[in-house]
Structure formats: C-alpha cells, structure tokens
4 protein chains.
Amino acid sequence: MKITVWNENRHEQTNPVVADIYPEGIHRAISAFLKEDGHDVRTVTLDEPEHGLTDEMLAETDVLVWWGHKAHDEVKDEIAEKVKQCVLDGMGLVVLHSGHFSKPFTKLMGTGCNLKWREADEKERLWVVDPTHPITEGLQQYIELEKEEMYGEHFDIPTPDELIFISWFEGGEVFRSGATFKRGRGKIFYFRPGHETYPTYHHKDIQKVIKNGIKWAANNNTPQPTRGNHQLIEYLSK
Amino acid sequence: MKITVWNENRHEQTNPVVADIYPEGIHRAISAFLKEDGHDVRTVTLDEPEHGLTDEMLAETDVLVWWGHKAHDEVKDEIAEKVKQCVLDGMGLVVLHSGHFSKPFTKLMGTGCNLKWREADEKERLWVVDPTHPITEGLQQYIELEKEEMYGEHFDIPTPDELIFISWFEGGEVFRSGATFKRGRGKIFYFRPGHETYPTYHHKDIQKVIKNGIKWAANNNTPQPTRGNHQLIEYLSK
Amino acid sequence: MKITVWNENRHEQTNPVVADIYPEGIHRAISAFLKEDGHDVRTVTLDEPEHGLTDEMLAETDVLVWWGHKAHDEVKDEIAEKVKQCVLDGMGLVVLHSGHFSKPFTKLMGTGCNLKWREADEKERLWVVDPTHPITEGLQQYIELEKEEMYGEHFDIPTPDELIFISWFEGGEVFRSGATFKRGRGKIFYFRPGHETYPTYHHKDIQKVIKNGIKWAANNNTPQPTRGNHQLIEYLSK
Amino acid sequence: MKITVWNENRHEQTNPVVADIYPEGIHRAISAFLKEDGHDVRTVTLDEPEHGLTDEMLAETDVLVWWGHKAHDEVKDEIAEKVKQCVLDGMGLVVLHSGHFSKPFTKLMGTGCNLKWREADEKERLWVVDPTHPITEGLQQYIELEKEEMYGEHFDIPTPDELIFISWFEGGEVFRSGATFKRGRGKIFYFRPGHETYPTYHHKDIQKVIKNGIKWAANNNTPQPTRGNHQLIEYLSK
C-alpha cells in the first residue's frame, strides 16, 4: 500500500519540547512505525512546493495521513480542494488530532469542526465503543494516555458513519475521539490523540490504531459510479 | 413558524410550459400550500438584492426552502456561505429537487452531490422505508407520480442520518429520494421530486411531505454549544 | 397524548431509602411531572394482574415508560412479547435506567444489553452530543448529577439510530446514556439516569428530557406498511 | 478462514426444478465457490443432529452462512439461541434471501423482518449505493438478474448500519437488498438474492458479493469487552 504522511512540521522547528519528542518531525515518527507493516511510505510537509502534494504524489497515494495545527491557513485552497477531490475519488484519509480544523477535513465535513480544548496535562482514557471494528484489532477495551490535551464536546461534525472511541478526560469532559466518515468513494478516519508536546505517537496502542485506520481506509477496487445524463435501461410502457 | 421560500425563478420567465404550470412561480405555489398550515411564509428570488437573503431575512427564518436549477452559479459565494452558517446555527433547510447541486447544499454535504438524470416523462414511485418518521405522517406506503424526471444512483451524498423514501423509476433506476442530515444545530431535509415541467408541487402528498419536512426541520430551543478554550470542571488529582 | 408509566415497584416496598425518596413509588413521581404537560397519564406495576398491561391498556397507550430492575425475570414472556409487538405496531417506548435489562428492551434490541456498573455515589455529567435533537430542547450543554450509579461501556446495544447524550463518570468511565432506536413503526428512547437510591427523577432537567422523549416517541399517523404476497404494480415486458 | 455453510436443504429433495439447478444442494454450490478463495469450508444441514451446529462446530466457525426458507420453524430454539450468542461473541453471519425470516436473524434484529414478496419471473437490478464498501469490490455499478423473486419494502428491519445495495424490480418495487448490522462483537451481512428456483448462486457477481461479505464479516482479534460490576479506575474527590 502506498501511504503519504503530510505534516505541517512547524512546531518541531520552533518549540524545543516538540523537537525533543520528535527530533525528525511528527511525520517521520509516524512514517517509521507504518513502515513496520511493510507499506511504501513517503513524507511531505507544508513548506515544500505545492506542500508536497503534487498531482503525481496524490495519484500514487492510497491513503493520506494528515497532521496540521497552527498553519492551517497557509495550506492553499486549490491544494486542499485537490485533496478533497482525491478522497471523493477513492483515496483514504486519516486525520489526526488538530487536523480537525484543516482545510481538507472541514471541506469534506461541511461543518465548523470546532470543539472545546484545554492544555492541562490531564489524563485521557479512550474507550472502545465498537468492538466489531477492524480499527480496534489488537487493543484492550481502552487506551490510557497519562497526559494529553483535552478536546471536549460538542464536536461540530456530521453524525459519524461509525463511532469507535469515546474519550474520558480527567477534567470532566467527553469526546467522540475515533470516528469514520464515507465521502464519495473515499473513507475518512478521524483520530483525536496526538498533541505535539506529548509523546503520544510513540505509544504502541496509538500506533496500532493508526496502522489499523490506514488499512481500513484503503479502497481496493470498489465500483466507479457513473453520473450525469443516462439513457433508459428499460423500455417505458407508453 | 417563520418560513422563507427561495426560488431561482428563471424557468418560469423563459419556458411557457413552466409558466403555465406555475403562473406565479414555483415559490408562490409552495408558499400557498404552506400558508394553509398557518405559517408565516415569505418568498424571495435570485434576482432580488442579495438574492433576497439579507441578514435580517435570515435572522427571521426558522426554516428555509430552496429550489434552484440552472443558475446555481449565479448565487454569490458569500450568500451561500451565510446560509450555511445559519443552518449550522440552527435554521432548518428543506432542499428540493435540483437544489442537490445548489451551493448551500453542496457546501453542507462536503461531497459532489452529483447523480444520474434523464427527462423521459417516466413514472416515479416513492416508497416509504422509514414508517416511524414524522415526515411520512398522513401518507400511504408510497407516492406515485405519473411523470417526472429520473434521478438515479449513485447519488454522491454522505450517508444520510435518516433515509425516508426510495424512488423506483420506470426506466430502471432507484434513488434515495428523501433523506435527512444534521449539521451543527441545524436539520436538513432533501426531497427529490419537483422537475419544473411537471405539476409535482400541486400533488397533495408532495405538499404533505414538504409541510411535514418543514415542521421536522424547525429547531425549538435546543442547547447552544460553547466551543473553544475551556476551563477545568473537575480538579485534577495531581 | 395517552401515556402509561410501568414500574416494577419493588425497591419502594423494601428499601426505606427508596421509599423516602419516592414515597408513592417511582411511577407516581414520573406520572406527576408528566401530567404537568397536560398528558393523560396512568401508572401500572408488576404485581397487578397481567402486570397492568392488558390488551385494553396497551391499545390505549401512545407511549409506554418502563422502569424495572431486580424483578425483570418475573415479567411474563407473553406480556413482554405483547409489548414488543405494540412497539413494532407504533407505540412509543421510553426505557429508563436499569430497564436496559428488561425483557421488552432486550427483545427489541436483539443483543445482550449488558454494561459495566458500580454504586459509589459518584458524579455523572451527561453531555449533549446532538444539539439538533428535540429531546434536548430547553437544556444547557450538559446535565450534572451529583451522585449516581455508574454505567460504563461497552454497552451491548446495536448502533443507536441517534446518540444524544454521552455520560462522564467521576470514576473513569463513559457511557452512551441517551440513545434512540427505530423498530417497525415504533420509536424507542433509552435514557440512563435514575438509580432508585438517588432523587434523580426529582431533577428538573431529567424531567425535561423524559417529557421531551415522550413527545418524540409518539407516533402520529405514519403509514401502515403492508407486507406478504403482493400483486404486480407494473406490467412485465415479457 | 473457517466458514460453515448452513442450508435447510429441503427444496432440493422435493422440487426437481431446484434439484436440477443445485444437484448437490445450495450449500455445496456455495461451498464450491467459497473454496476458490482458499477458505476452509464445511457444510451442514437442518436434518443433521443439532442441525449440524454442535458446540464444536460453532466454536470453529469464523463466519456462518445461512440459507433457509420453508422449515424455519423446525430449527430448535436452543440452537438458534446458541447461534445468536456466537454472533454476539464475534462470529460473522451472512444471511441469504429467505433467511430474513430465520430464527437467528429475527432474534438478532428484534423486529418482524417481514416484507412484500412475489414470484413472477421478473427482473431485478441491484444498484450499489455505497461505493466505498469492501463488499462491493470488483463489481460494476449494478448487478442484473434476469429472473428473481421480488422482495419489496417495507422490510421490517432496524435501520441498517450500512446500506450497500438497493434493488429495482420490474414489477414496481424497491428493496434494501444488501445491508450490514453490528451486534455485540459480531458482524452480520444480509444479502437478498437467491430464490431456489433460479440459478442465482451460479452468477459470478453474486458469488463475488458473498465472498466479499464473508471476508468483511470475519472478526480478527477485536477487544473482548468486560461487563458487570467494575471497580473505580479513578479516585473520587470526596
């Protein structure tokens, strides 16, 4: 499978805490554990030409992973639009953490995608609420993260097609933290954890979920719908 | 309830067939039967300033009904964006027929919203597949329209929150022709029938569905979510 | 609207703590606030003949409210089966708290309906996750209950048609605590709170949710599907 | 993967038309094409002891395929209950055609599962309405069956988790003919076609769907939820 990991890659340049946790960037940390599954993984970042998302790159991507936060606005509209179109055409999309506010995700959702948030070094416990889902393979009934940023409801997304995880936060909130969405021929998995100042992407269960999410999001040869003007299939009785 | 019926109102000006069926425009035909329910109904059209959708008008609208077809592109982006925002804030939206390609609807869906279509004077039968839904109140188990435009699958929408009608077409296709979607605090009902060259909006059952849809889409005082940075509700144990 | 409140009415007879909170029984406490809305409300209990659920009583019930806990097994199978059939035929059903294990609910769900539980006098906070839903009318963004029994995931129910509340518990769990299900022509609302040793049904917001739930669950004249052998509607081309 | 194909195997004994199409029984016809995928496939039938569904057999079954029609009542309740429990515990279930009325399926759905039907040698066209779904892999946008029994709405099932196919029938009806349901840890796929007097299971695309459905329904190591009384995970603040 061909996977492209997209990262904004800004916090890593300016915040020593982040650089310390992810010395080669969040994208390379993610890429490293995805390669363990034998996938063909490439990484691209915001500051490359076309943000690294050229037509060739997108055409060769089965699943795109997206991490962005403080520079969502710098992503060009035409690139975001191209990503959206690729998803509608069948590319899988895994959106991580603050990517909830990214242009491709908000365009695909059609809603504000806003939420409550708080940075207070608090505990998060992600409960599995769909124990049939392949994205939960290999997990226990919950994942515990000692310190994370809080995201709280109401999360302004459309009703998810599937709700897989609900997070409990020590400070009193809950959050739909793992959810899937179908759009066109494409599948989208949103997964909440991964604030840049915590070593969340080094956690084995978080890695497992992202690996499972990628496997789930890939589309293998489903039908290509045709649309537009269409001739009669049956004779009319008149 | 305060209802605003928006109509493109172009076919009525140029096509005598349409003008004959709807001499005062599709908007006034719809407005007339909605008033039977005692609602406060206003009509606005594309060619008015701001397409009739001023801030004041939108602020006083509980449910907006939308009919558009050949001039979707002439709807200004900023007006479409305002309509979308009003829906996210709680305004109901009933989208009719070719409104599937309107800017407010496609922005709220996040997908292409394309479909198959054909004008062949063929029969449509709308089967009720959700007999619990208030939008079906007063109906029999199906509605039959002697002649309509065909719309066929695949209809490129997100999975509906509720699927209420499935259409059978004489020419061989099926279509998810009545579907609801929640976005933010707002409720959206898409209802397929209503090609301009047929007297569909004079059909009693079609009128019933639109009346029911409006009643369903209105939002009465549900919670206003707060979002953004949020203080701790609970003390942390540390 | 005609509402029947069914209560097991056993804890009230044996546990002075419960009798002190609900001196006339949980059923009469619920009945009292439902009458405020002008409904025609009757109460019935397990120990009446046919558990109070005669054919006449059920035929005259628009919405049935169910509270049961320690005597689920004493509900006769044929009565539970009749209740199920009434729901499929269009009667609304509001299932409260430990009613998750009642015969009518488990028969209608088709799953085990088990969950985690704990009695530890802990805080529950019910977050609204669907701010479009009429069941949330008049609420703030969450309801806080100082002391309640904990119910935790995984709650073994089918995917709800709508998820309205998610509970946060002080002890570390989350729960899908307000959910709707459509079955046949009937609508079901499950609402979690209401352990017998706490004054939960005296809480104004809890009362509001139950009132809203009843209003939502009532079915007004939706289509009666016909099924079985069916003659051709169209001529076949052969 | 270990697959068990269960067949009532009665029509094959008494109706020469059926025996002619499926000389070794529907179960062996299905088993034959499933083996092409390299699965370990066994067949069992109603008239074997315990209908062939011993504890050992069920324990070794990843996915169970079910075809039954005129002898649903002869399936013992305790066997049907065991099958249901296995599904809740994670076994996949693929229910074909008239299996909609089988005991395991109706118990898992909680509804009547009735529908309209007609035997008139009419054309069926199954349209793909979810082109993201792995069950549609390798298909075109529809499957056409020259002659089939008609099944029509309203189909009395709970809202499916996913709706994959909608059928068009020549005689005027539509049907939700491919749908998935999650129950406990188990996944269920209902697929409509397959009346015994037509060679439907010899059709390559129908075989493809059943193969895909089995692959989809298999559960690989998702979490085992624990339920019942549960100790505090967090200290309470009191």
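The values are calculated or read from the model by the stated rules, or taken from the named source; none is laboratory data. On a predicted model such as this, the values are computed, not experimentally measured, just so you know. Don't worry about glycine lacking a Cβ; one is built from the backbone with ideal geometry, like all the others, and counts go over all protein chains shown. Please note that ligands, DNA and RNA were not included when accessible areas were found on the heavy atoms of the full protein model with its side chains. Shrake-Rupley method; radii C 1.70, N 1.55, O 1.52, S 1.80 Å.
Against the definition (without any contact (Cβ under 8 Å) to a residue 60 or more places away in the chain, buried (at least 24 other Cβ atoms within 10 Å of the Cβ) and either facing another protein chain (nearest Cβ under 7 Å) or not in a helix (DSSP H, G or I) (or both)), how does D:Glu234 come out, yes or no?
Considered against the rule, which asks whether it is without any contact (Cβ under 8 Å) to a residue 60 or more places away in the chain, buried (at least 24 other Cβ atoms within 10 Å of the Cβ) and either facing another protein chain (nearest Cβ under 7 Å) or not in a helix (DSSP H, G or I) (or both), D:Glu234 comes out as no.
Only one entry of C:Val75, C:Val94, C:Val87 meets the criterion of being at pLDDT 95 or above, among the hydrophobic types (A, V, I, L, M, F, W, C), in contact with a Gly (Cβ under 9 Å, 6 or more places away or on another chain) and farther than 27 Å from C:His202 by Cβ, and that entry is C:Val87. Filtered by the rule that a residue be touching a residue at least 40 places away in the same chain (Cβ under 8 Å), β-branched (Val, Ile, Thr) and touching a Gly at 6+ places or on another chain (Cβ under 7 Å), the stretch A:106-149 gives A:Thr111, A:Ile135. Criterion first (at pLDDT 95 or above, in contact with a Cys (Cβ under 7 Å, 6 or more places away or on another chain) and open to solvent by less than 60 Å² (accessible area, probe 1.4 Å)) does A:Leu53 satisfy it? Here the answer is no, as A:Leu53 does not meet what is asked.
Among the residues of the stretch D:1-38, the one identified as in a loop (DSSP other than H, G, I, E, B) and among the hydroxyl-bearing types (Ser, Thr, Tyr) is D:Tyr22.
When every residue of the stretch A:57-77 is checked against the conditions, at least one turns out to be farther than 28 Å from C:Gly172 by Cα, in contact with a helix residue (DSSP H, G or I) (Cβ under 9 Å, 6 or more places away or on another chain), within 13 Å of another protein chain (Cβ to nearest Cβ) and not aliphatic (A, V, I, L, M). For C:Gly152, the requirement of being farther than 30 Å from B:Ile135 by Cβ, touching a Phe, Trp or Tyr at 6+ places or on another chain (Cβ under 8 Å) and without any contact (Cβ under 8 Å) to a residue 60 or more places away in the chain is met. Applying the criterion of being at negative phi and among the acidic types (Asp, Glu) to the residues of the stretch A:117-128, the residue that is nearest to the other protein chains (Cβ to nearest Cβ) is A:Glu122. The criterion of being out of contact with any Gly (no Cβ under 6 Å at 6 or more places or on another chain) and away from chain B (no Cβ under 14 Å) does not hold for A:Glu81. If you scan the stretch D:35-54, which residues turn out to be under 18 Å from D:Asn9 (Cα atoms) and not hydroxyl-bearing (Ser, Thr, Tyr)? Within the stretch D:35-54, D:Val41, D:Arg42, D:Val44, D:Leu46, D:Asp47, D:Glu48, D:Pro49, D:Glu50, D:His51, D:Gly52, D:Leu53 meet the criteria. Counting only residues that are free of Cβ contacts under 8 Å to residues at least 24 places away in the same chain and either under 14 Å from B:Thr111 (Cβ atoms) or not in a helix (DSSP H, G or I) (or both), the stretch A:72-105 holds 1 of them. Scanning the stretch A:69-98 for residues that are touching a Phe, Trp or Tyr at 6+ places or on another chain (Cβ under 8 Å) and on the phi > 0 side of the Ramachandran plot yields a single hit, A:His97. Among residues of the stretch B:5-17 that are in contact (Cβ under 8 Å) with a residue 60 or more places away in the chain, those with a beta-carbon under 8 Å from a residue that is part of a loop (DSSP other than H, G, I, E, B) and open to solvent by 50 Å² or more (accessible area, probe 1.4 Å) at least six positions away or on a different chain give the pairs B:Glu8/B:His69; B:Glu8/B:Lys70; B:Arg10/B:His69; B:Arg10/B:Lys70; B:His11/B:His69; B:His11/B:Lys70. When each of A:Thr54, A:Thr43 is tested for being without any contact (Cβ under 8 Å) to a residue 12 or more places away in the chain, β-branched (Val, Ile, Thr) and over 21 Å from A:Lys182 (Cα atoms), the lone residue that passes is A:Thr54. Candidates are the residues of the stretch C:52-71 that are aliphatic (A, V, I, L, M) and in a helix (DSSP H, G or I); the one that is nearest to C:Pro104 (Cα to Cα) is C:Leu58. Among the conditions (1) under 30 Å from D:Asn114 (Cβ atoms); (2) surrounded by 22 or more Cβ atoms within 10 Å (Cβ to Cβ); (3) among the acidic types (Asp, Glu), C:Asp77 misses just one, which is (2).
Quickly run through the stretch B:18-42 and pick out the residues that are surrounded by 19 or more Cβ atoms within 10 Å (Cβ to Cβ) and of a type in the set (Phe, Trp, Tyr). Matches in the stretch B:18-42: B:Tyr22 only. In the stretch D:102-116, the residue that is farthest from the other protein chains (Cβ to nearest Cβ) out of those that are crowded, with 22+ Cβ neighbours inside 10 Å and among the small types (Gly, Ala, Ser) is D:Ser102.
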